[in-house]
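Taken together, the values in this text are just the output of simple stated rules run on the coordinates, not laboratory data. Just so it is clear, the structure is predicted and the values come from calculations on it, not from any experiment. Because the Cβ atoms are built from the backbone with ideal geometry, glycine has one as well, and the counts that use them run over all protein chains shown.
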Amino acid sequence: MRGRLDALRRPSRVRPRRWTPCRLILQNYWLFDYQEFHFADGRLVLRGANSSGKSTVLTSAITLVLDGDKRRELLDSFGSGARNVPYYLLGANDATPESDFYHEERTGYIALEFEQGSPQRFCTIGLGLRARRTEGGGNTDVESWFFVIEDQRRIGIDFELHAGDPHKTPLTRIQLRDLLGNRNKSATRNADYRDAVNRALFGFADTEQLRSLLRTIVQLRSPKLNKDTKPSDVCDILTESLRPLDEGLLGRVSQVIEDIDTCQDQLATLTRNLKLVEEVDRMLGDYLRDVAQKDAVRYRRAAAELVGLEKSFASLEERITQQAATLEVVEGELAELDRREQGDTERRRTLQQNEAYAGQEELVRSEQVLTRASGLSTQAEGALRETTERLEQDLVQAAALT
């Protein structure tokens, strides 16, 4: 069996980062002069017949050595309170020296050793108990002291809890305190011991959390857990054992939750706004497409009208060119008629002045020629005026087209 335990505890095995129990040591406690119980990966199985001491070992480890609380109801896994610390040290009140289990005076030790991590570290917690029978079998006072060993020294390996004499006289409180020195914690009050155990092993924010944990463990160690315990009771016990959250952490978590809610609200708002924007974008796209189609139709019509106007403008330019040529011809004819009229006028004046040629016939012919010339001049002026009017109308139309 010891070989199996050593194999489980070999240094090459990966060890957990948290503290786990590895040895329970009982010295001068009940029927045990000195006994070590070795844990395997923090686990211990106790087997034996009735009254062989299984419950005694269990209650010494859970929870006596963890907080030093010596109340009767905590020393019996059944909760009956039938036995107490004086019994486990001295025997029953009515026992005699002839009884199987009787001590007049006795000093005992209970220690629980923990290990942690790799490289392997050790921490041992424990308490010393001293009792002496009183005359008449009255209540027996129990002196107790406590210790927490953190300098890596181990009981039974680096030092013993007895003086080393043949009788293995247990160390007194003063002797143990001097042996442990200032590097380890020694206490005489349960509250100081719980604080030291909490700091060394558990790290709760306060010792009340440790006490809640121990109350939960006491409930769970009961051999008849399902007799009077309801699921709701188990839930209450486990809830009470939970470590309260740090106020700062709760504040940060609450802020994060509020930020998440705010982000979700903003996301919902943005999603709604996005849908509205998409709807507006769709409607605006439809509107712009409709406007573009109408503008395209108008553009095509305007382009067709422009082509027609360009053709009309070209036709008007051609007509203006023709009218200008006609006007130039008419002006040439008019100038020629003016010269002829002036020549006829000069000849008439000359004839009128010359008596030799002052005949009636010549005068008549001259008047006829003058009349025709005047008529042609009037026609030419009318044609010029008509041509000028048409030219001006064509120019107005061309200006309107441009």
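Taking amide H atoms as placed 1.01 Å from N in the peptide plane, the amide H of R132 lies under 5 Å from those of D141, each 5 or more residues away in sequence or on another chain.
What do the square roots of 5 times the Cα gyration tensor eigenvalues come to for segment 2-203, in whole Å, largest first, as semi-axes of the equivalent ellipsoid?
Working: eigenvalues 162, 77, 55 Å².
Semi-axis lengths for segment 2-203 are 28, 20, 17 Å.
Would you calculate the volume per residue, in Å³, of the smallest convex hull containing every Cα atom of segment 252-401? Kindly include the intermediate steps, with their values, before the conclusion.
Numbers: hull volume 23.6 nm³, N = 150.
It comes to 157 Å³ per residue, whole-number rounded.
Each Lys or Arg adds one and each Asp or Glu subtracts one; over the other residues with Cβ under 11 Å from the Cβ of C123, this totals +1. Using every pair of separate Cα atoms, the Kirkwood estimate puts the hydrodynamic radius of segment 266-325 at 15.7 angstrom. If you run the Gaussian network model on the chain, springs between alpha carbon atoms under 10 Å, then out of Q353, Q120, Q323 the most flexible one is Q353. For the chain, the longest principal axis of the alpha carbon atoms and the long axis of helix 360-401 meet at an angle near 0°. Restricting attention to the chain, lysine pairs at least eight places apart or on different chains and with alpha-carbon atoms under 30 angstrom apart total 14.
For segment 252-401, the Cβ-based charge dipole about the Cα centre amounts to some 300 debye (Lys, Arg positive; Asp, Glu negative; other atoms uncharged).
If you take all other residues with their beta carbon under 13 Å from the beta carbon of L284, and give Lys and Arg +1 and Asp and Glu -1, the sum is -3. Each 10 Å bin, from zero up to the one with the longest distance, holds this percent of the alpha carbon pairs of segment 85-206: 12, 37, 31, 16, 4, 0.
Charged neighbours of R153, selected by a Cβ distance under 15 Å, balance to -1 (K, R count +1; D, E count -1).
Can you tell me the dipole magnitude for the chain around its Cα centre, using point charges on the Cβ only (Lys, Arg +1; Asp, Glu -1), in Debye to the nearest 20?
Numbers: 58 positive and 65 negative charges, 955 e Å.
The calculated dipole for the chain is roughly 4580 debye.
With θ taken as phi - 60° and the Karplus curve 6.51 cos²θ - 1.76 cosθ + 1.60 applied, the whole-hertz 3J(HN,Hα) list for segment 18-24 is 7, 6, 10, x, 10, 8, 10 Hz, x standing for glycine and proline.
Treating each Cα of segment 177-224 as an identical point scatterer and summing with the Debye formula, the log10 of I(q)/I(0) at q = 0.20, 0.27 Å⁻¹ comes to -0.74, -0.99. Tell me the angle of helix 231-241 to the major Cα principal axis of the chain, expressed in degrees between 0 and 90 and rounded to the nearest ten. So the helix axis and the longest Cα principal axis differ by about 80 degrees. Projecting the Cα atoms of T172, V329, A268 onto the charge dipole of the chain (Cβ charges, centred on the Cα centre) puts T172 farthest toward the positive pole.
Computed on the Cα atoms alone, the convex hull of the chain gives a volume of 340 cubic angstrom per residue.
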